[in-house]
Amino acid sequence: MRRSNPTMQQQFSIKESPLFWPAKLDGGTLWVLDETLIPKQMKYIEVISTAEAVDVIRKMKTRAFGQFLVVLNTFLVEIRRNPRLSQPVLLKKIIRTADALNKSRPTFPFSEVTAVVVAWAKSAFEEGANIRQQLEQNIEGYLQGIRGRRLNRVIQIAEAIRSGDSILTHCNVSGELAMAAAICRLQGKSIRFFATETRPYLQGAKLTVWELRRAGADVTLVADNATGLLMANGQISKVIVGSDRNCANGDFANKIGTYQIAVLAKEFGIPFYVLTQPSKKIKEGRDIPVEVRPEDELLRFNGKRIVPAGVKGFYPGFDIVPHEYVTKQIAINVN
């Protein structure tokens, strides 16, 4: 019996994962899904200032695309909660907001986005236009465009997956992989996923397996250091990961541990796919500033120290994957 493919409308009607759009603006308040509480509960954090937005980002309450949403929406929060500021004062506030967001996490390319917003504000000021109206219109249109491009990439991911695939993923790709899995189910594809724990925050164990199961996918959790064995045993046919920063030459940064998976995939001849946001701002991977997280994130678990006194910790949050390890980039342009 021939399998029929769903129409574009059916594909877009796939229920969104909560992680696909984890920050929602309501008036002058931004509600951010606290991803550190999943899967125990779904709770949204109230953000009403730049300082609170920076705190949410630094404490990893949301990650990856969620942080991108927080950055953009923070400008709207400041605009809406300060309606009486004069044009010159508002422009200065937008610039200060951008500076604070840029400093929140060094590896993330927030400056590429905040620079666009600041340019919009400066242009409006110089032309005598209303900064508030201009930014509201531009940011909301920008976000709407990104939503459409992400939905299109979900379809591209589903198209890259073949029936019978056994897919390894590392960390979490903010809803897209789970939604692609749902499309694959609709298409009748038989697939399965292996998700790494993703230490020390356990995003794979807490987020990825949670949303894949919500999408009805067959998913197995594995230890971060089990990927070599899985590949050697022929249990993996494809790797799909996300990225947090990308270079002009195709190198990219992602959650620490991605590089070793890429090396293993090349060794065993396994296709390695990465979801990217192309950028020419950085020439190559060695130019990416890698964030080193506080050592306590390794030395403590649930607030308790788990190693002997005197032991030090070293936790780079990301590593760099050279472009030659990548089989294919599935890209969207967020600029």
Net charge of Cβ neighbours under 14 Å - reference Tyr142; Lys, Arg +1; Asp, Glu -1: 0
Here, Ala100 and Arg84, labelled 7 Å along Cα→Cβ, have an inter-label distance in nm of 2.0
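If I take R0 = 41 Å and measure r between the Cβ atoms of Asn333 and Val307 in this structure, what FRET efficiency does the formula 1/(1 + (r/R0)^6) give, to the nearest 0.05?
Details: r = 43 Å, r/R0 = 1.06.
The computed FRET efficiency comes out at 0.40.
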Place the peptides 175-181, 225-231, 319-325 in order of packing, highest mean first, counting for every residue the other Cβ atoms within 10 Å and averaging per peptide. 175-181, 319-325, 225-231
For region 232-238, Karplus-derived ³J(HN,Hα) couplings (6.51, -1.76, 1.60; θ = phi - 60°; whole Hz; x for glycine and proline) come out as 4, 8, x, 8, 10, 10, 7
For the chain, give the percent of accessible area contributed by carbon and sulfur heavy atoms, probe 1.4 Å, rounded to a whole number. 51
Between Tyr315 and Val292, how many nm apart are label points set 7 Å from Cα along the C-beta direction? 1.4
Near the amide H of Arg245, under 5 Å away, which other amide H atoms are found, from residues 5 or more places off or on another chain, if H is placed in the peptide plane? Ala253
By per-residue mean of other Cβ atoms within 10 Å, what is the highest-first order of 246-255, 113-122, 141-150, 31-40? 246-255, 113-122, 31-40, 141-150
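The chain: D in µm²/s via Stokes-Einstein (Kirkwood Rh, Cα pairs, 37 °C, 0.692 mPa s)? Can you show the working numbers first?
Working: Rh = 21.0 Å.
The calculation lands on 157 µm²/s.
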Restricting the count to DSSP beta bridges whose residues both fall in the chain, what percent are antiparallel, rounded to a multiple of 5? 50
Hey, which of these cross-link pairs are over 23 Å Cα-Cα: Lys206/Lys255; Lys92/Lys255; Lys61/Lys122; Lys280/Lys328; Lys59/Lys304? Lys92/Lys255; Lys61/Lys122
First measure r as the distance between the Cβ atoms of Arg58 and Ala115, then evaluate 1/(1 + (r/R0)^6) with R0 = 25 Å and state the FRET efficiency to the nearest 0.05. 0.75
Between Leu221 and residues 5 or more places away or on another chain, the pairs with built amide H atoms under 5 Å apart involve Ala195
Quick check: pseudo-label points 7 Å beyond the Cα along Cα→Cβ at Glu140 and Gln235, how many nm apart are they? 5.0
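The values are calculated or read from the model by the stated rules, or taken from the named source; none is laboratory data. Every value quoted in this text rests on a predicted model; they were computed, and no experiment measured them. For neighbour counting, all protein chains shown are included, and Cβ atoms are generated from backbone atoms with ideal geometry for every residue, glycine included. Note: accessible area is taken over every heavy atom of the protein model, side chains too, but ligands, DNA and RNA are not part of it. Shrake-Rupley method; radii C 1.70, N 1.55, O 1.52, S 1.80 Å.
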